[in-house]
Amino acid sequence: MRARLPPALLREPDGTEVASILRACVHCGLCNATCPTYQLLGDERDGPRGRIYLIKSLLEGADTGPETQRHVDRCLTCRACETTCPSGVRYGRLLDLVRPRLEAAVPRARLAKLYRWLIRRGVPSRALGLLLGLAQRLRPMLPAVLGQLVPRARAAGSWPPARHARRWLALDGCVQAVARPSINAAAARLLDRRGQSLVRVPGRGCCGALAYHLGAHEEARSHARRNIDAWWPEIARGAEGIFSTATGCTTFLQDYAEILRDDPAYAERARVVAAQVRDASQVLLPGDVVAMGLQVNDRVAVQAPCSLQHGLGGAGRIEALLVAAGAKLCAVADAHLCCGSAGAYSMLQPALSRELRARKLSALSADSPAVIATANIGCMLHLEGAARQPVRHWLEILDAAAAAPELAPPA
Ligand code: SF4
Ligand code: SF4
């Protein structure tokens, strides 16, 4: 795509990167075929090719109004278009680079700004945990429509002591730490069985993805710096790396090098940390499942999060782990399409998000699964809000199999 970008933009640190991403797009439109919002709305401006064109116009200095913002806001940043694109257009990166410019070019109404600020500050805060705990206690008294919005409490169970020489550092994250502490505890128990420990270090927290994808880049960098400070002493002492159990967070942690590359105090450490980040599905492999003798007898439908498929290039990984445990996999149509969770999307675009969830649940339920497996906390909570089947992280499913009475716990 030919873009006449102003020389001042090309001199900025991100200017040449933006220009090269735009140049890579050849207008073929193949990406529209796998774009969930284009499929729902049928408007060229709600597909990747149209959005790239709108972004190009913005950067060229065209008069940009709320119309451009509306179509860009509707994008899930699911990156299905990247997987489809034959020209390797880094659409997600383009959007990340452009969002702050769009925010500056088209100021939002005061109430909308406040809402976005509350999401950014509220979700990673300690207040969320307190509120959620209270809501879970009151859940039985709430009307059904409100009760649905409150994730059910699930006991985390025991966390094995750090007794192995091989140590991974846990990312607790923000929402997952309060809504589903059972996921990291399950990971710690499974790793322990494989002779590795998962340890929590004080000071770590939200990965920063939520703020970054809402255009608050400096806020996201603060989260990244805090996590690097928390992990660095353990990395220097020889920890294996950062172990993430939420694919949405994994993809962002692996971007730390990119987002802190212009920070002289953190660039090098960010590069080292990013290189040591692993998703749980990259550490626990099908061979481990077989070696542990895990047996899952259920019919399982897998919801592969976009961050796993399109961000980490890990399509099929969860399925392989569950098959290794003997699970019967259910057929799921359109597995590449987003469930509508997408970070803060369900709060910012509730109607589109609900429609995408309804379609995803219909695809997941078609082959009569007993349980839905996922790999990302956001998708899990979003699907749980309307699913007829239980929704579990694959780590929880395997951990439950490990706890079966016939499998004696390790000495
Ligand atoms: S598939 Fe790639 S090259 Fe073709 S229009 Fe979409 S982004 Fe551009
Ligand atoms: S990121 Fe997802 S929603 Fe956005 S343009 Fe690409 S495919 Fe469509």
### Query
For the chain, what relative contact order do you get, as a whole percent, if you take Cα pairs closer than 8 Å and at least 6 residues apart?
13
### Task
Taking the Cα centre of segment 286-402 as origin, sum charge times position over the Cβ atoms of Lys and Arg (+1) and Asp and Glu (-1), and report the length of that vector in debye to the nearest 20.
280
## Note on the structure
To the nearest 10 degrees, the tilt of helix 110-122 (Cα long axis) against the first principal axis of the alpha carbons of the chain is 30
### Query
In a shell of Cβ-Cβ distance under 12 Å around His382, excluding His382 itself, what net charge do Lys and Arg (+1) and Asp and Glu (-1) give?
+2
### Query
Efficiency by 1/(1 + (r/R0)^6): what FRET value for Ala370 and Arg2, r their Cβ-Cβ distance, R0 = 51 Å, to the nearest 0.05?
0.45
### Task
Quick one: order Met292, Met380, Met1 by neighbouring beta-carbon count within 10 Å, fewest to most.
Met1, Met292, Met380
### Message
I'm a student and want to see the number: the projected area of the Cα convex hull of the chain, averaged over all directions, in nm².
### Response
20.5
### Task
Positive end of the charge dipole of the chain (Lys, Arg +1 and Asp, Glu -1 on Cβ, about the Cα centre): tell me which of Pro100, Gln254, Ile55 has its Cα farthest that way.
Pro100
### Query
So what J values fall out for segment 90-100 if you push phi through Karplus, 6.51 cos²θ - 1.76 cosθ + 1.60 with θ = phi - 60°, rounded to Hz, Gly and Pro as x?
8, 4, x, 5, 4, 5, 4, 5, 8, 3, x
### Query
Under a Cβ-Cβ limit of 4.7 Å, which cysteines in the chain have nobody to pair with?
Cys25, Cys28, Cys35, Cys75, Cys85, Cys330, Cys339, Cys379
### Query
Based on the Cβ-Cβ distance from Arg110 to Glu67, what FRET efficiency comes out when R0 is 22 Å, to the nearest 0.05?
0.65
### Query
Going toward the positive end of the dipole of the chain, with +1 on Lys and Arg Cβ and -1 on Asp and Glu Cβ, which of Cys28, Pro140, Gln303 do you reach last?
Pro140
### Task
Grab the other residues whose beta carbon is less than 13 angstrom from that of Ser281, score K and R as +1, D and E as -1, and report the net.
-1
### Query
Can you put Asp255, Asp262, Asp63 in order, fewest other beta carbons within 10 Å first?
Asp63, Asp262, Asp255
### Task
Would you please give the FRET efficiency between Ala403 and Gln136, computed as 1/(1 + (r/R0)^6) with r the Cβ-Cβ distance and R0 = 25 Å, to the nearest 0.05?
0.60
### Task
Using only Cα atoms, tell me the angle between helix 126-138 and the longest principal axis of the chain; keep it within 0 to 90° and round to the nearest 10.
60
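No value in this document is a laboratory result; all are computed from the given coordinates. Computed from a predicted structure; not experimentally measured. Glycine gets a Cβ as well: all are built from the backbone with ideal geometry, and neighbour counts include every protein chain shown.
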